[in-house]
Amino acid sequence: MRSMTGYRWDDLPAEVRAAVTAECEPILDVTSLPGGLTAGLAARLDTAAGRVFVKALPDSSPSASLYQRERFVCAALPEAVPAPRLLWSGHTAGWITLLIEHVDDAREAKLGLASPDLHGVLELVQVLGETLSPNPGAQVPPVVDNVEFLTRRADALLADPPVDLLAADAYRHARGLLDLDALTGSTLLHADLHEGNLLACPAGVRVVDWGLACQGAAWVETALLVPRLILAGHTPEQAEQLAEQVPAWKSAPADAVTGLAAVWSLFREFVARNGPTGIRASRAQAAAAGRTWVEYRTS
């Protein structure tokens, strides 16, 4: 049975546990870890050969397609990408299972002012753009699909704006600037870089969780990081100055960035009002950060 925070090791079908065990036996200990929004199994396996990370989710879950996407992406990542390696994956008994290299001595990277991790994060974004252009063969949708998902919620909110929606005029103007064609490109994008998906370790910053990966223009990766920097305490001007350190950002069309900022923020405004109760507060904070960026770019 699923727990409030996800599945436990013992919840997996016997066939799935047997398949994983065959890849890394003997398993000496299992430690459950936070599973994130997908609420799948996330666990550290202590084996005789060292630690590995396992994540699994049944086909019946709404997030199963994200696990499949991550499975395809991790299998295609070049060695130069600073990310844990996929050791094994399986689709057994109606479950998608990924066995991934464990990052030892790791913690969440911090994006705040004066964070010692900032240089490593920006360096990682640059390496991703250079190493994953062109897409090394991962089966992912175009970034336009991801953005259209955001846009539908953004447009629904603007069609009947709540009376307390701040910066509605700025949002409308910025939304009108979005040209989806400007987002297209050949780069494999992670598209969800935030503190929870960035691990700082002695070897540098590593990126995990490729479930929202897509293909598009290289500058989009940096654009999607900017509101995360603002959320972490940077002003919009400071965040864009950091973005300037990534070469791909210099090719970003100004109007497309402003439009993308609007739909990113409006989507979080929408979820903050209509999403699951447990995530509304965090999405409201993200929306506020994105709104300051939109106002900065439209002022």
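The values are calculated or read from the model by the stated rules, or taken from the named source; none is laboratory data. Remember, it's a predicted structure, so these values are computed and weren't measured experimentally. Neighbour counts are summed over all protein chains in view; Cβ atoms, including those assigned to glycine, are modelled from backbone coordinates with ideal geometry.
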Which residues, taken from the range 172-182, are exposed (fewer than 14 other Cβ atoms within 10 Å of the Cβ) and touching a Pro at 6+ places or on another chain (Cβ under 8 Å)? Asp179
Scan Asp105, Asp145, Asp117 and give me the residue that is more than 20 Å from Val81 (Cα to Cα) and either in contact with a Gly (Cβ under 8 Å, 6 or more places away or on another chain) or not basic (Lys, Arg) (or both). Asp145
For the range 155-171, state whether one or more residues are of a type in the set (Ser, Thr, Tyr), more than 21 Å from Leu77 (Cβ to Cβ) and surrounded by 20 or more Cβ atoms within 10 Å (Cβ to Cβ). yes
Quick one: Ser60 ticks every box in (1) surrounded by fewer than 16 Cβ atoms within 10 Å (Cβ to Cβ); (2) closer than 20 Å to Asn197 by Cα; (3) among the polar types (S, T, N, Q) except a single one, so which number is it? (2)
Going by the structure shown, is Leu212 of a type in the set (A, V, I, L, M), outside any helix (DSSP H, G or I) and touching a strand residue (DSSP E or B) at 6+ places or on another chain (Cβ under 9 Å)? yes
Test Val163 against the stated conditions and say whether it is over 28 Å from Gly275 (Cβ atoms) and either assigned to a loop (DSSP other than H, G, I, E, B) or at pLDDT below 95 (or both). no
Pairs returned, first residue in the range 179-205 that is in the same structural domain as Asp117 (by TED's automatic domain parsing), second residue that is exposed (fewer than 14 other Cβ atoms within 10 Å of the Cβ) and in a loop (DSSP other than H, G, I, E, B), beta-carbon separation under 6 angstrom, 6 or more apart or interchain, are Ser186/Pro134; Cys201/Asp105; Pro202/Asp105
Regarding the range 254-266, can at least one residue be identified that is at pLDDT 95 or above, outside any helix (DSSP H, G or I) and assigned by TED's automatic domain parsing to the domain that holds Asp179? no
Looking at Thr187, Thr97, Thr131, which one is β-branched (Val, Ile, Thr) and out of contact with any strand residue (DSSP E or B) (no Cβ under 7 Å at 6 or more places or on another chain)? Thr131
Criterion (outside the structural domain of Leu189 (by TED's automatic domain parsing), of a type in the set (A, V, I, L, M, F, W, C), more than 28 Å from Gln215 (Cβ to Cβ) and touching a strand residue (DSSP E or B) at 6+ places or on another chain (Cβ under 6 Å)) met by exactly one of Ala43, Ala49, Ala83: Ala43
Exactly one of these conditions fails for Gln215: (1) touching a Ser or Thr at 6+ places or on another chain (Cβ under 9 Å); (2) closer than 25 Å to Ala288 by Cα. Give me its number. (2)
Residue, farthest from Val205 (Cα to Cα), within the range 115-160, restricted to residues that are of a type in the set (Ser, Thr, Tyr) and assigned to a helix (DSSP H, G or I): Thr151
Could you check the range 183-201 and list, in sequence order, the residues that are buried (at least 21 other Cβ atoms within 10 Å of the Cβ) and assigned to a helix (DSSP H, G or I)? Leu183
